[in-house]
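The values are calculated or read from the model by the stated rules, or taken from the named source; none is laboratory data. Since this is a predicted model, take the numbers as computed values, not measurements. Counting neighbours? That spans all protein chains shown, and the Cβs are built from the backbone with ideal geometry, glycine included.
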């Protein structure tokens with residue numbers, strides 16, 4: 001950050017994540033390998049990568065997965081949202097609000113609170129472990145369906161812990177809503193999926209708070225990635241506008257009426273509006289989404305009947321496929337071109353964190369000038385919190401925030 | 001004997017997906033117990049607290065892919081009494097080591113519009129290529145139980161209990177029917193290091209080798225068997241070239257089939 005007198009003149013969020021070249025080495029791989037390979041982009045949201053990859057491949061191959069197989073995919077996503085959001089709310093974000101360096105410190109004073117967070121996280125992981133085989137980089141999700149589908153009896157066993165989790169999520173919404181939030185609102189350009197009848201996980205049209213309403217197939221005509229000198233993550237722009245916002249607050253604000261009745265009620269009861277523009281309140285929105293995901297998971301389990309086949313037959317054909325799903329942190333876009341043998345010719349992947357980079361900079365630009373009088377260490381912590389509002393996957397870069405302030 | 005001072009744990013990240021260090025936070029039932037025995041002194045994914053080194057136990061995730069990281073790993077080694085690599089990236093170079101078989105300049109130009117901004121090495125290499133490593137934990141991702149075992153082994157001064165036999169052993173112990181014998185599904189289990197608990201075959205899927213080679217694997221023989229099942233040599237290159245592509249036995253095997261392809 002560059003400061004002249006008491007004015008902030010420049011903010012740059014530099015991300016030093018070493019390049020790993022996924023889009024390059026996917027070329028020449030088999031289309032069936034994409035879900036497993038791309039899950040290795042992020043160990044915190046592997047389900048999201050697997051989902052975007054399978055939807056893009058099924059789009060290219062003109063396969064439509066429906067019924068209970070589709071419901072199981074949504075269930076896996078519920079598990080990831082619960083796990084990832086609980087991790088962020090309790091372990092990464094709440095300590096900022098309460099003045100602790102981390103959840104371990106927080107547990108010394110409030111062990112019950114941290115235990116609740118851990119058990120909530122575990123309830124999400126239980127779903128992923130059953131459906132996916134393991135929590136990180138699950139092995140059971142494939143183009144066309146699954147390798148093996150669970151029996152009704154094994155799925156129903158998840159219901160008890162999930163009912164507990166739903167109560168704990170409701171407590172979480174109430175607890176996060178009474179934290180103290182810095183005054184800050186921005187006129188964000190929210191972008192999320194929207195589905196006619198569901199709160200979005202796997203499918204929908206891409207919509208924005210300023211009227212965008214497009215098919216995922218048209219993503220590349222509206223969103224442009226830009227490579228800037230100071231960061232290894234590519235910046236995204238929408239229709240010429242620099243910064244847009246994806247993730248829980250965007251999903252919530254664009255899809256409030258699709259939340260489960262319990263989640264809507266809980267949000268409104270705490271005084272959260274149907275549209276939320278204070279990024280610090282993302283912790284409440286995440287909690288509302290945990291509640292919704294528990295509710296949705298219970299609904300899917302209740303209606304589950306074991307499908308006859310674990311996966312559909314996949315006829316090979318050349319084509320281009322597009323997939324966009326809602327990762328815990330926001331829209332995750334995949335595009336693949338494959339040949340008639342199913343070999344990947346090229347791949348494009350746009351993760352949510354890179355899309356939010358510009359918005360994070362904008363937030364810092366608004367936040368910092370009002371707090372320049374803070375001591376350096378205090379200011380650094382507040383800035384970290386501004387970054388952590390976005391739950392960036394690059395958790396390390398954000399905890400490792402080196403605040404450089406050039407004062408002229 | 002009661003320790004007067006808790007040993008200090010540090011977690012370090014290099015090129016990786018964060019999944020292996022997340023495994024520590026996925027120990028939902030054990031995390032607070034661990035924190036009672038060991039001081040989490042440096043864990044940027046989970047904490048802003050930073051306690052100065054030296055550290056008694058360092059867990060290192062990720063591979064070395066940039067000039068800066070090639071320097072940084074030496075600092076980590078100097079600050080660490082006992083250094084354990086966690087996962088396929090740190091132990092074998094990871095999926096990003098697929099660049100090692102190609103021209104990295106071409107890779108950069110495929111992904112980035114402005115190649116001049118990117119600073120990267122030609123190869124992705126495991127930690128042991130750069131500094132002395134006291135113990136290597138395998139897997140993409142590592143197993144939670146093996147991680148807990150390594151930490152408790154460290155605390156009690158014993159050797160970690162991570163057998164180097166194959167995934168097949170675990171299938172037998174679990175009573176999982178062999179997917180290769182019963183269904184004709186190609187499975188890397190016979191040459192892959194155990195540790196995952198043989199998850200894939202229990203989901204009717206062949207093992208894809210994410211824990212890397214077991215001790216003395218007979219990859220050549222397994223490739224022949226895959227051939228009987230209809231696997232082409234081009235596919236064999238891909239099968240051995242994934243999350244542990246540069247682990248020696250897998251690298252040799254994939255290159256053998258690549259040669260067959262090009263000589264045709």
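Pick from A:29, A:70, A:116: which is at the interface with chain B (Cβ under 9 Å from one of its Cβ atoms) and more than 20 Å from residue B:43 (Cβ to Cβ)?
Details: A:70 fails: at the interface with chain B (Cβ under 9 Å from one of its Cβ atoms); A:116 fails: at the interface with chain B (Cβ under 9 Å from one of its Cβ atoms).
Going through A:29, A:70, A:116 in turn, the sole match is A:29.
Considering only residues in segment A:10-37 that are at pLDDT below 95 and assigned to a helix (DSSP H, G or I), the one that is surrounded by the most Cβ atoms within 10 Å (Cβ to Cβ) turns out to be A:25. Looking at segment A:38-47, is at least one residue surrounded by fewer than 22 Cβ atoms within 10 Å (Cβ to Cβ), touching a helix residue (DSSP H, G or I) at 6+ places or on another chain (Cβ under 7 Å) and more than 10 Å from every other protein chain (Cβ to nearest Cβ)? No; the residues of segment A:38-47 include none that is surrounded by fewer than 22 Cβ atoms within 10 Å (Cβ to Cβ), touching a helix residue (DSSP H, G or I) at 6+ places or on another chain (Cβ under 7 Å) and more than 10 Å from every other protein chain (Cβ to nearest Cβ). Out of A:165, A:229, A:169, one residue alone is within 14 Å of another protein chain (Cβ to nearest Cβ) and at pLDDT 95 or above. It is A:165. When residues of segment A:43-80 are filtered for being part of a loop (DSSP other than H, G, I, E, B), closer than 30 Å to residue B:63 by Cβ and out of contact with any strand residue (DSSP E or B) (no Cβ under 8 Å at 6 or more places or on another chain), how many remain? The total comes to 2. One residue stands out among those in segment A:393-408 that are more than 11 Å from chain B (Cβ to nearest Cβ) and part of a loop (DSSP other than H, G, I, E, B): the one that is modelled with the highest pLDDT, which is A:404. Within segment B:45-77, the residues that satisfy the criterion of being over 20 Å from the mean Cα position of the chain (by Cα) and crowded, with 16+ Cβ neighbours inside 10 Å are B:46, B:47, B:48, B:49, B:53, B:55, B:56. Just one of (1) within 9 Å of another protein chain (Cβ to nearest Cβ); (2) in contact with a strand residue (DSSP E or B) (Cβ under 8 Å, 6 or more places away or on another chain); (3) modelled with pLDDT under 95 fails for residue B:41. It is (1). When you look at residue B:118, is it buried (at least 16 other Cβ atoms within 10 Å of the Cβ), within 8 Å of chain A (Cβ to nearest Cβ) and on the phi < 0 side of the Ramachandran plot, yes or no? Yes. Across segment A:133-149, the qualifying residues are those that are within 9 Å of chain B (Cβ to nearest Cβ) and in contact with a strand residue (DSSP E or B) (Cβ under 8 Å, 6 or more places away or on another chain), and the one among them that is nearest to residue B:48 (Cα to Cα) is A:140.
Screening residue B:102 with (1) modelled with pLDDT of 95 or more; (2) surrounded by fewer than 17 Cβ atoms within 10 Å (Cβ to Cβ) gives one miss only, at (1).
Do we have any residue at all in segment A:180-200 that's under 25 Å from residue A:304 (Cβ atoms), assigned to a helix (DSSP H, G or I), touching a residue at least 12 places away in the same chain (Cβ under 8 Å) and touching a strand residue (DSSP E or B) at 6+ places or on another chain (Cβ under 9 Å)?
To start, the set of residues in segment A:180-200 that are under 25 Å from residue A:304 (Cβ atoms) comprises A:193, A:195-200.
Those still in the list that are assigned to a helix (DSSP H, G or I) too: none.
No, segment A:180-200 contains no residue that is under 25 Å from residue A:304 (Cβ atoms), assigned to a helix (DSSP H, G or I), touching a residue at least 12 places away in the same chain (Cβ under 8 Å) and touching a strand residue (DSSP E or B) at 6+ places or on another chain (Cβ under 9 Å).
Give B:124, B:143, B:166 a once-over and let me know the one that is surrounded by 14 or more Cβ atoms within 10 Å (Cβ to Cβ), touching a helix residue (DSSP H, G or I) at 6+ places or on another chain (Cβ under 7 Å) and within 11 Å of chain A (Cβ to nearest Cβ).
Working: B:143 fails: touching a helix residue (DSSP H, G or I) at 6+ places or on another chain (Cβ under 7 Å); B:166 fails: within 11 Å of chain A (Cβ to nearest Cβ).
Sole residue among the options that is surrounded by 14 or more Cβ atoms within 10 Å (Cβ to Cβ), touching a helix residue (DSSP H, G or I) at 6+ places or on another chain (Cβ under 7 Å) and within 11 Å of chain A (Cβ to nearest Cβ): B:124.
Residue count for segment A:143-159 satisfying the condition of being buried (at least 20 other Cβ atoms within 10 Å of the Cβ) and not in a loop (DSSP other than H, G, I, E, B): 3. Those helices (runs of 4 or more DSSP H) of segment B:132-189 in which 3 or more residues are under 27 Å from residue B:246 (Cα atoms) and within 16 Å of the chain's Cα centre (by Cα) occupy B:144-156.
Looking at A:122, A:62, just one residue is within 22 Å of residue A:195 (Cβ to Cβ), more than 16 Å from the chain's Cα centre (by Cα) and either at pLDDT 95 or above or away from chain B (no Cβ under 14 Å) (or both), and that residue is A:62. Taking the criterion of being surrounded by fewer than 17 Cβ atoms within 10 Å (Cβ to Cβ) and within 14 Å of chain B (Cβ to nearest Cβ), the residues of segment A:344-379 that qualify are A:345, A:346, A:377, A:378.
Residues that are over 20 Å from residue A:30 (Cα atoms), more than 14 Å from chain A (Cβ to nearest Cβ), without any contact (Cβ under 8 Å) to a residue 12 or more places away in the chain and surrounded by fewer than 20 Cβ atoms within 10 Å (Cβ to Cβ): does segment B:244-257 have at least one? No, every residue in segment B:244-257 fails to be over 20 Å from residue A:30 (Cα atoms), more than 14 Å from chain A (Cβ to nearest Cβ), without any contact (Cβ under 8 Å) to a residue 12 or more places away in the chain and surrounded by fewer than 20 Cβ atoms within 10 Å (Cβ to Cβ). Of A:103, A:107, all but one fail to be touching a strand residue (DSSP E or B) at 6+ places or on another chain (Cβ under 9 Å), within 22 Å of residue B:22 (Cα to Cα) and modelled with pLDDT under 95; the exception is A:103. Of all residues in segment A:308-336, those satisfying the criterion of being crowded, with 22+ Cβ neighbours inside 10 Å and more than 18 Å from residue A:131 (Cβ to Cβ) are A:321, A:323, A:324, A:329, A:330, A:331, A:332, A:333, A:334, A:335, A:336. Suppose we filter segment B:78-111 for residues that are more than 10 Å from every other protein chain (Cβ to nearest Cβ), in contact with a strand residue (DSSP E or B) (Cβ under 6 Å, 6 or more places away or on another chain) and assigned to a helix (DSSP H, G or I); how many remain? Of the residues in that region, 2 qualify. Just one residue in the set B:157, B:175, B:189 is in contact with a strand residue (DSSP E or B) (Cβ under 7 Å, 6 or more places away or on another chain), away from chain A (no Cβ under 11 Å) and without any contact (Cβ under 8 Å) to a residue 24 or more places away in the chain; that residue is B:189.
Only one of A:199, A:219, A:188 is under 20 Å from the mean Cα position of the chain (by Cα) and within 27 Å of residue A:369 (Cα to Cα). Can you tell me which? Steps first, answer last, please.
Working: A:199 fails: within 27 Å of residue A:369 (Cα to Cα); A:219 fails: within 27 Å of residue A:369 (Cα to Cα).
After applying the criteria, what remains is A:188.
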